[in-house]
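Engineer: Before I ask anything, let me first share the structure, which is written out below as C-alpha cells.
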Amino acid sequence: MSASQEKAKEVSAKASDGGAGIVFIFFIVGLVVSLLVGWVLFPKVLYCQKEQPFDFNHALHNEMVLDGCQSCHFFRNDGTYSGAPKLNQCIECHTDVQGITKDEEIFVNEYVRNNREVPWLVYSRQPDCVFFSHAAHVLAGEMQCKTCHGHIGNSTSLPVYEYNIITGYSRNIWGHNISGIKKNTWDRMKMDDCAECHRENNVKQYSVQTKKGPCFVCHK
C-alpha cells in the first residue's frame, strides 16, 4: 500500500470516528430532550387543576368529634359507605357562621342557607367499572383509613385537586410520580397496588355470591 493510500485510509478512519461521535452526541441530546418532555413537560400538559368549593380543615373538625373519621364518614345499617358528608350532617353545627374564616362564610351563606349540597371534588374516585367495598376493607379487613388516604385527617387545608384532561380522573389515582414509584401505600390507587396488598395479606379474590373469579370481584 502506497503512502498516499495509507494517508487516505487514516483520514477516512478519523472521519468515520468523528461521524460516530456526532451521532452519539445527537443521541444523548435527543434522549435528554425526550426525558424532559416526558417527565417534566408532559405531566404539566396532561393534568389540570380545579378548585374545591371551599377549603376544609380536617384537623380542626377531628378535635371536635368523638369517633374521628367515622363521625363524618360512616357506614349505614346495610353496610354501605356514606362517602363525603352530606349537608344534613353539617347543619347541626353550622346553622350560623362559626368563626371568621372566609370558607365558613361561603359554606353557610351559599350552601347551608340555600339547602344546597356541596359539590366536592373526590380525590379517590375510581372509574365507573370499578367496585370498591369500604365495608370489606375497613370492617372485615380492619384496615385503617390512612392506608389508602394518608394522613388527611391531620390536614388543616385540602390538597390541590388535579385531574387528567383525557380521562377526567384525579391524579391521586395514578400518583404524582410520573414513573409510578411510590414511597407510601397512599401515594396512588392503581389496580397493581390493590393486587399487591391482596397478595401480601393472602386475600382470596373470589366472590362467593357470584361464584366468579378475581376480575369480577372488583370490576363490574
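The values are calculated or read from the model by the stated rules, or taken from the named source; none is laboratory data. No experiment lies behind these values; they were computed from the predicted model shown. With ideal geometry, Cβ positions are generated from the backbone for all residues, glycine too; neighbour counts draw on all protein chains shown.
Engineer: Please enumerate the residues belonging to segment 186-200 that are acidic (Asp, Glu) and loosely packed, with under 12 Cβ neighbours inside 10 Å.
Structural biologist: ASP192, GLU200
Engineer: Applying the selection to segment 86-101, what residues are part of a helix (DSSP H, G or I) and either touching a Gly at 6+ places or on another chain (Cβ under 6 Å) or touching a residue at least 12 places away in the same chain (Cβ under 8 Å) (or both)?
Structural biologist: Residues satisfying the conditions are LEU87, GLN89, CYS90.
Engineer: Next question, about the same structure. Any chance you could count how many residues in segment 31-81 are of a type outside the set (Val, Ile, Thr) and part of a helix (DSSP H, G or I)?
Structural biologist: Total satisfying the criteria: 20.
Engineer: Any residue at all in segment 84-96 that is in contact with a strand residue (DSSP E or B) (Cβ under 8 Å, 6 or more places away or on another chain) and of a type in the set (Ser, Thr, Tyr)?
Structural biologist: No, because not a single residue in segment 84-96 is in contact with a strand residue (DSSP E or B) (Cβ under 8 Å, 6 or more places away or on another chain) and of a type in the set (Ser, Thr, Tyr).
For every residue, the table says whether it meets (1) at pLDDT below 90; (2) surrounded by fewer than 16 Cβ atoms within 10 Å (Cβ to Cβ); (3) in contact with a Leu (Cβ under 9 Å, 6 or more places away or on another chain).
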site	(1), (2), (3)
VAL112	no, no, yes
PRO119	no, yes, no
ASN172	no, no, no
ASN184	no, yes, no
VAL208	yes, yes, no
LYS220	yes, yes, no
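Engineer: Further, regarding this structure: Can you tell me which of (1) in contact with a helix residue (DSSP H, G or I) (Cβ under 7 Å, 6 or more places away or on another chain); (2) within 16 Å of TYR81 (Cα to Cα) is the one HIS137 doesn't meet?
Structural biologist: Single failed check for HIS137: (1).
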